[in-house]
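Trainee: Below is a structure I'd like to ask you about.
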Amino acid sequence: MTSIASRAEQNRALGLSTLAFTLCFAAWTIFSIIGISIRQEFGLSDTQLGLLMATPILTGSVSRLFLGLWTDRFGGRWLFGTLMLTTAAFVYLLTYAVSYQMLLLTALGMGFAGGAFMVGIAYTATWLEPERQGRAFGIFGAGNVGAAVTHLGAPFLLVSMSWEDTARVYAAVLAIMGVLFILLARENPAGRSRTGTLPFIEQMSPVKDLRVWHFALYYFFVFGAFVALALWLPYYLVGVYGLDMTTAGLIAAFYSIPASLLRILGSRVSDRYGARRVMYWTFIASVICTFLLSYPPTAYVVHGIDGDVRFVLEVGLIPFVVLMFVLGFFMSLGKAAVYKHIPVYYPGDVAAVGGVVGMIGGLGGFFLLLAFGILTDLTGVWQSSFMMLFAIASAALLWMHHAIRKAERNEWANHQTRTDLPELASPQLFHPQKKPPERNANMADKNSYHHS
């Protein structure tokens, strides 16, 4: 690194990127609110609605792979600004759709808003020393709270205007922020672009490391399920509990806010207790919460001595809100536990590695959303979406436990004690790989041991 940015410049870059990402994420999840009005107007099935909600997630996920690299090559200032202006144009064009096919086409363009995550990560990384990037990424990642902005704000817009006008408001805000970012942000610091002259294949060489794909698999659930639920919850609440859209959006925010803002806390918790313990907490809590949420209202009849005893088991609205808050909290810890290690193990390849991990996580949101709609249509049971999440969380927990136990046996044999996941701390225990550079290895060890 040939130049060191001042603390004020670092905070400026982080602040602008976080604000821009928050607004992009709000636009990325806009179908969680206006999708219900669109469904009624176009007569969509649950499967069609699920595909419409999932389409922007697909574009946003795939685009993360190259947008981060483009940020390193061309700079984040113009790329981030252009991305927001492009997304704003597609949000505006959505209001002129007259068929389901046109809705899907404009939704594809709107999905670029999700790629803002990697633009912001790559841009912010150029301003910060590696030792500060993990915590900064936690702050930037809290921009996921944009989902809560949509949950809280969009319903109130719909009360006073049509879904088309609501989309136009979103388009205007995004366009204004895009212009402001270009005017207020600075170019990447001199000498801090890491991949500017490298060919694409060489830039992507770190993804040959299997550790990257383990990162991605964990992120598939903790981020993918978060995105899917953030979009599906308002529709679910309207269908299951008969709520109006404003109330449904407010309750959905009780999930999206802790799942977003508490990501900042997740980095510190991972530092203190280690990623192994945090991911155990995340998956165990997810298994318990999704199991309870997957239980559909069921009527029981017990043939007693003096006659039948009838009762119904169901998750009421208040228990549902509590369970979703808990689920969102532990998902936020899981997201931070996974992503904070990327700049530690790949300080020179944050864009490439982060792009792959982010892409897989986003694709989790796409496939889960699509599955939610299909399962609801096929089974006629609203809770089928949580049944699927319960199965995924259970499988992830069992797989992770097996990997950790295998790692612990090797560590005990070598008289070592680790607190990170085996994929993060001990990859050589599972498959032959080149050891990371000494500097990176030291940094990893520093973050691996339990802080008593």
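Trainee: Step through the residues of segment 352-369 one at a time and calculate ³J(HN,Hα) from phi using the Karplus curve (6.51 cos²θ - 1.76 cosθ + 1.60, θ = phi - 60°), rounding each to whole Hz and writing x for Gly and Pro.
Mentor: Running phi through 6.51 cos²θ - 1.76 cosθ + 1.60 with θ = phi - 60° gives 5, 5, x, x, 5, 4, x, 5, 5, x, x, 4, x, x, 5, 5, 5, 4 Hz.
Trainee: When only alpha-carbon atoms count, how far does segment 7-400 stretch along each of its three principal axes, as whole angstroms with the largest first?
Mentor: The Cα atoms of segment 7-400 stretch 84, 49, 35 Å along their principal axes.
Trainee: How would MET388, MET84 line up from fewest to most surrounding beta-carbon atoms within 10 angstrom?
Mentor: Result, fewest neighbours first: MET388, MET84.
Trainee: While we're looking at this one, here's another question. What FRET efficiency would be calculated for the residue pair LEU93, LYS406, taking the C-beta separation as r and a Förster radius of 45 Å, to the nearest 0.05?
Mentor: Computed FRET efficiency for LEU93 and LYS406: 0.30.
Trainee: Be a star and scan segment 255-294 for residues whose amide nitrogen sits under 12 Å from the point 7 Å along the Cα-to-Cβ vector of ALA391.
Mentor: The answer is none.
Trainee: Let me ask something additional. Based on other C-beta atoms within 10 Å, arrange VAL338, VAL145, VAL159 from fewest to most.
Mentor: If I rank by nearby Cβ atoms, fewest first, I get VAL159, VAL145, VAL338.
Trainee: Can you tell me how much longer the chain between ARG186 and ARG135 gets when fully stretched, taken as 0.36 nm per residue apart minus their C-alpha distance, in nm with one decimal?
Mentor: 16.2 nm
Trainee: Now a separate question. When the gyration tensor of segment 39-104 is built from Cα positions, what are the square roots of 5 times its three eigenvalues, in whole Å, from largest to smallest?
Mentor: Working through the eigenvalues yields semi-axes of 30, 14, 6 Å.
Trainee: How large is the dipole of segment 7-400 about the Cα centre if only Lys and Arg carry +1 and Asp and Glu carry -1, each at its Cβ, rounded to the nearest 20 debye?
Mentor: About 1280 debye.
Trainee: Continuing with the same structure: Provide the per-residue ³J(HN,Hα) series for segment 101-107, in order, calculated from phi with Karplus coefficients 6.51, -1.76, 1.60 and θ = phi - 60°, each as a whole number of Hz, with x at glycine and proline positions.
Mentor: 4, 5, 4, 5, 5, 5, 4
Trainee: For segment 7-400, build the charge dipole from Cβ charges (+1 Lys, Arg; -1 Asp, Glu) around the Cα centre, then report which of SER37, VAL159, ALA88 sits farthest towards its positive end.
Mentor: Of the candidates, ALA88 comes out farthest on the positive side.
Every number here is computed from the coordinates shown, using simple stated rules; none is lab data. These numbers were taken from a predicted model, which means no experiment stands behind them. Using ideal geometry, Cβ is built from the backbone for each residue, glycine included, and neighbour counts are taken over all protein chains shown.
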